[in-house]
Amino acid sequence: MKFTIAGVFLIAMQVFAQTAPGPYARIALLRPHDGDTVDFEAGYIRHLEWHRQNKDTFTWLGWTIWAGDRQRWFVYATFGHTAAELDHPVNPADDERDNISNVTPHAEFTGSALYEFLPACSRGTGEPQSTPRLEMTTIELAPGSEQAFESALASQQSKLQNETLWYRMIAGGHAPRYLRLRPRASLAALFDDRSELPAGVVRAMVEILNLRPAMCYRPVAAP
(Lines give C-alpha, C1' and ligand atoms only; values in the text may rest on other atoms or scores of the structure.)
Protein backbone atom coordinates (compact mmCIF):
# COMPACT_ATOMS: atom_id res chain seq x y z
CA MET A 1 0.00 0.00 0.00
CA LYS A 2 1.40 3.40 -0.99
CA PHE A 3 0.90 6.59 0.96
CA THR A 4 1.26 10.09 -0.43
CA ILE A 5 2.90 12.79 1.68
CA ALA A 6 -0.50 14.46 2.04
CA GLY A 7 -2.01 11.16 3.18
CA VAL A 8 0.67 10.58 5.80
CA PHE A 9 0.20 14.14 7.04
CA LEU A 10 -3.56 13.66 7.31
CA ILE A 11 -3.12 10.44 9.29
CA ALA A 12 -0.63 12.11 11.60
CA MET A 13 -3.04 14.99 12.21
CA GLN A 14 -5.88 12.56 12.97
CA VAL A 15 -3.72 10.68 15.48
CA PHE A 16 -2.67 13.96 17.09
CA ALA A 17 -6.30 15.09 17.37
CA GLN A 18 -7.18 11.82 19.08
CA THR A 19 -4.31 12.00 21.59
CA ALA A 20 -3.88 15.74 22.24
CA PRO A 21 -5.40 16.90 25.53
CA GLY A 22 -8.61 18.87 25.41
CA PRO A 23 -8.93 22.45 26.67
CA TYR A 24 -11.39 21.93 29.52
CA ALA A 25 -10.85 21.54 33.26
CA ARG A 26 -13.11 20.88 36.21
CA ILE A 27 -12.01 22.49 39.48
CA ALA A 28 -13.97 21.93 42.69
CA LEU A 29 -13.82 22.62 46.43
CA LEU A 30 -14.48 20.65 49.58
CA ARG A 31 -14.69 22.13 53.06
CA PRO A 32 -13.80 19.62 55.79
CA HIS A 33 -16.02 19.81 58.85
CA ASP A 34 -14.38 21.48 61.85
CA GLY A 35 -12.28 18.98 63.76
CA ASP A 36 -12.82 16.31 61.10
CA THR A 37 -9.83 16.88 58.83
CA VAL A 38 -8.08 13.57 59.57
CA ASP A 39 -11.19 11.51 58.87
CA PHE A 40 -11.92 13.56 55.75
CA GLU A 41 -8.48 12.90 54.32
CA ALA A 42 -8.75 9.18 55.06
CA GLY A 43 -12.18 9.06 53.44
CA TYR A 44 -11.02 10.95 50.37
CA ILE A 45 -8.08 8.58 49.93
CA ARG A 46 -10.52 5.66 50.14
CA HIS A 47 -12.59 7.34 47.43
CA LEU A 48 -9.53 7.65 45.20
CA GLU A 49 -9.11 3.90 45.59
CA TRP A 50 -12.60 3.54 44.11
CA HIS A 51 -11.38 5.49 41.05
CA ARG A 52 -8.37 3.19 40.82
CA GLN A 53 -10.45 0.02 41.05
CA ASN A 54 -12.83 1.36 38.39
CA LYS A 55 -9.92 2.19 36.08
CA ASP A 56 -10.80 5.89 35.82
CA THR A 57 -8.87 7.44 32.92
CA PHE A 58 -8.99 10.97 34.41
CA THR A 59 -6.12 12.37 36.46
CA TRP A 60 -7.28 14.02 39.70
CA LEU A 61 -4.96 16.44 41.50
CA GLY A 62 -5.54 17.62 45.06
CA TRP A 63 -4.32 20.57 47.13
CA THR A 64 -5.00 21.99 50.58
CA ILE A 65 -5.40 25.77 50.79
CA TRP A 66 -2.58 26.93 53.05
CA ALA A 67 -2.94 30.73 52.82
CA GLY A 68 -6.26 32.49 52.24
CA ASP A 69 -9.72 33.02 53.67
CA ARG A 70 -10.51 29.38 52.84
CA GLN A 71 -7.60 27.93 54.81
CA ARG A 72 -7.72 24.10 55.09
CA TRP A 73 -10.31 23.77 52.33
CA PHE A 74 -9.46 21.12 49.75
CA VAL A 75 -9.21 21.81 46.01
CA TYR A 76 -9.46 18.91 43.57
CA ALA A 77 -9.26 19.20 39.81
CA THR A 78 -8.92 17.37 36.54
CA PHE A 79 -7.44 18.98 33.43
CA GLY A 80 -6.98 18.47 29.71
CA HIS A 81 -10.37 17.13 28.66
CA THR A 82 -12.65 17.45 25.68
CA ALA A 83 -16.33 18.18 26.22
CA ALA A 84 -17.10 14.60 25.18
CA GLU A 85 -14.78 13.25 27.87
CA LEU A 86 -16.43 15.37 30.55
CA ASP A 87 -19.77 14.01 29.35
CA HIS A 88 -18.62 10.46 30.08
CA PRO A 89 -16.97 10.19 33.53
CA VAL A 90 -16.44 6.76 35.01
CA ASN A 91 -19.59 5.20 36.56
CA PRO A 92 -21.24 8.44 37.81
CA ALA A 93 -23.89 6.73 39.95
CA ASP A 94 -21.38 4.48 41.72
CA ASP A 95 -18.99 7.42 42.06
CA GLU A 96 -21.72 9.38 43.87
CA ARG A 97 -22.53 6.46 46.16
CA ASP A 98 -18.89 6.09 47.13
CA ASN A 99 -18.64 9.84 47.74
CA ILE A 100 -21.65 9.70 50.05
CA SER A 101 -20.11 6.79 51.91
CA ASN A 102 -16.56 8.09 52.30
CA VAL A 103 -16.44 11.86 51.76
CA THR A 104 -19.69 13.65 52.62
CA PRO A 105 -19.78 12.46 56.26
CA HIS A 106 -16.62 14.53 56.82
CA ALA A 107 -16.87 17.47 54.39
CA GLU A 108 -19.18 19.76 52.46
CA PHE A 109 -19.05 20.21 48.68
CA THR A 110 -18.81 23.99 48.29
CA GLY A 111 -18.40 24.57 44.57
CA SER A 112 -17.56 23.09 41.20
CA ALA A 113 -16.75 24.99 38.02
CA LEU A 114 -15.76 24.27 34.42
CA TYR A 115 -12.91 26.22 32.87
CA GLU A 116 -11.35 26.58 29.42
CA PHE A 117 -7.56 26.80 29.16
CA LEU A 118 -6.22 29.88 27.35
CA PRO A 119 -2.93 28.83 25.68
CA ALA A 120 -2.45 32.22 23.97
CA CYS A 121 -2.22 33.84 27.42
CA SER A 122 -0.25 31.11 29.19
CA ARG A 123 3.15 29.54 29.54
CA GLY A 124 2.85 25.78 29.96
CA THR A 125 0.29 23.12 29.19
CA GLY A 126 -3.30 22.99 30.35
CA GLU A 127 -2.36 20.82 33.35
CA PRO A 128 -0.22 22.38 36.10
CA GLN A 129 2.99 20.65 37.09
CA SER A 130 2.90 18.80 40.40
CA THR A 131 5.03 21.25 42.38
CA PRO A 132 4.85 21.55 46.19
CA ARG A 133 3.24 25.01 46.01
CA LEU A 134 0.57 26.46 43.75
CA GLU A 135 -0.64 30.04 43.63
CA MET A 136 -4.30 30.20 42.64
CA THR A 137 -5.66 33.63 41.73
CA THR A 138 -9.41 33.97 41.14
CA ILE A 139 -10.34 37.09 39.17
CA GLU A 140 -13.71 38.72 38.55
CA LEU A 141 -14.07 41.32 35.80
CA ALA A 142 -16.52 44.05 34.95
CA PRO A 143 -19.05 42.72 32.41
CA GLY A 144 -17.97 43.42 28.85
CA SER A 145 -14.27 43.69 29.60
CA GLU A 146 -13.36 40.10 28.74
CA GLN A 147 -11.91 40.72 25.27
CA ALA A 148 -9.71 43.60 26.41
CA PHE A 149 -8.54 41.57 29.41
CA GLU A 150 -7.57 38.54 27.31
CA SER A 151 -5.86 40.75 24.74
CA ALA A 152 -3.79 42.33 27.51
CA LEU A 153 -2.83 38.89 28.84
CA ALA A 154 -1.86 37.67 25.37
CA SER A 155 0.34 40.74 24.82
CA GLN A 156 2.33 39.82 27.95
CA GLN A 157 2.70 36.10 27.16
CA SER A 158 6.19 36.40 25.68
CA LYS A 159 7.42 37.98 28.93
CA LEU A 160 6.36 35.03 31.10
CA GLN A 161 9.45 33.31 32.50
CA ASN A 162 7.80 30.49 34.44
CA GLU A 163 4.74 28.29 34.23
CA THR A 164 1.66 30.52 34.29
CA LEU A 165 -1.70 29.05 33.29
CA TRP A 166 -4.83 31.08 32.54
CA TYR A 167 -8.38 29.70 32.40
CA ARG A 168 -11.73 31.26 31.54
CA MET A 169 -14.71 30.06 33.58
CA ILE A 170 -17.48 28.57 31.46
CA ALA A 171 -19.94 27.61 34.20
CA GLY A 172 -20.03 27.36 37.95
CA GLY A 173 -20.05 30.89 39.38
CA HIS A 174 -20.40 34.61 38.79
CA ALA A 175 -19.16 35.61 35.34
CA PRO A 176 -16.92 36.91 33.90
CA ARG A 177 -14.38 35.01 36.01
CA TYR A 178 -10.82 33.90 35.26
CA LEU A 179 -8.35 31.71 37.08
CA ARG A 180 -4.56 31.90 37.10
CA LEU A 181 -2.49 28.95 38.34
CA ARG A 182 1.23 29.37 38.99
CA PRO A 183 2.93 26.16 40.17
CA ARG A 184 6.19 26.77 42.04
CA ALA A 185 8.65 24.71 44.04
CA SER A 186 8.67 27.07 47.02
CA LEU A 187 7.26 30.25 48.51
CA ALA A 188 10.48 32.03 47.61
CA ALA A 189 9.94 31.17 43.94
CA LEU A 190 6.44 32.64 44.12
CA PHE A 191 7.55 35.80 45.90
CA ASP A 192 10.36 36.37 43.41
CA ASP A 193 7.97 36.14 40.44
CA ARG A 194 5.44 38.91 40.94
CA SER A 195 3.41 40.35 38.10
CA GLU A 196 0.66 42.93 37.84
CA LEU A 197 -2.81 42.10 36.57
CA PRO A 198 -4.27 43.95 33.57
CA ALA A 199 -6.87 46.67 34.00
CA GLY A 200 -10.51 45.74 34.40
CA VAL A 201 -10.18 43.53 37.46
CA VAL A 202 -13.04 44.11 39.92
CA ARG A 203 -11.91 41.54 42.49
CA ALA A 204 -8.89 39.28 42.84
CA MET A 205 -8.40 36.58 45.46
CA VAL A 206 -4.89 35.13 45.81
CA GLU A 207 -4.47 31.82 47.64
CA ILE A 208 -1.47 29.55 48.13
CA LEU A 209 -2.09 25.82 47.94
CA ASN A 210 -0.02 22.86 49.10
CA LEU A 211 0.02 19.80 46.87
CA ARG A 212 -1.19 16.62 48.58
CA PRO A 213 0.42 13.72 46.66
CA ALA A 214 -1.44 11.07 48.69
CA MET A 215 -4.70 12.78 47.71
CA CYS A 216 -3.97 12.73 43.97
CA TYR A 217 -4.85 10.04 41.48
CA ARG A 218 -3.19 9.24 38.16
CA PRO A 219 -4.37 6.37 35.97
CA VAL A 220 -1.94 3.55 35.38
CA ALA A 221 -0.50 3.77 31.87
CA ALA A 222 -1.32 0.89 29.57
CA PRO A 223 1.64 -1.50 29.09
Per-residue ellipticity at 222 nm attributable to helices in the chain (runs of n ≥ 4 DSSP H, -39500 (n - 2.57) apiece, nearest 500 deg cm²/dmol) works out to -8500 deg cm²/dmol
From most to least accessible, 1.4 Å probe, no ligand or DNA/RNA atoms counted, Phe149, Phe117, Phe191 line up as Phe191, Phe117, Phe149
Out of Ser155, Gln53, Ala221 - ranked by how far each Cα lies towards the positive end of the dipole of the chain, with unit charges on the beta-carbon of charged residues - the top one is Ser155
Dividing the mean separation of Cα pairs under 8 Å (6+ apart) by the residue count of the range 163-214 yields a relative contact order in percent of 25
Whole-Å distance linking the alpha carbon centroid of the range 36-92 with that of the range 137-174 is 25
If the label point sits 7 Å along Cα→Cβ of Asn54, residues of the range 185-223 with amide N under 17 Å come out as 216-220
A correct Karplus calculation of ³J(HN,Hα) over the range 95-109, with 6.51 cos²θ - 1.76 cosθ + 1.60, θ = phi - 60°, whole Hz and x for Gly and Pro, returns 4, 5, 4, 5, 4, 5, 6, 10, 10, 4, x, 10, 7, 10, 6
Scoring the range 25-170 by relative contact order with C-alpha pairs under 8 Å, at least six apart, yields a percentage of 33
Sorted by chain and number, the residues with a modelled amide H under 5 Å from that of Ala107, at a separation of 5 or more or across chains, are His33
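The values are calculated or read from the model by the stated rules, or taken from the named source; none is laboratory data. Computed from a prediction, not measured in an experiment: that's the story for all the values here. With ideal geometry, Cβ positions are generated from the backbone for all residues, glycine too; neighbour counts draw on all protein chains shown. Each accessible area value is taken on the protein alone, full model and side chains, heavy atoms only, with ligands, DNA and RNA left out. Shrake-Rupley method; radii C 1.70, N 1.55, O 1.52, S 1.80 Å.
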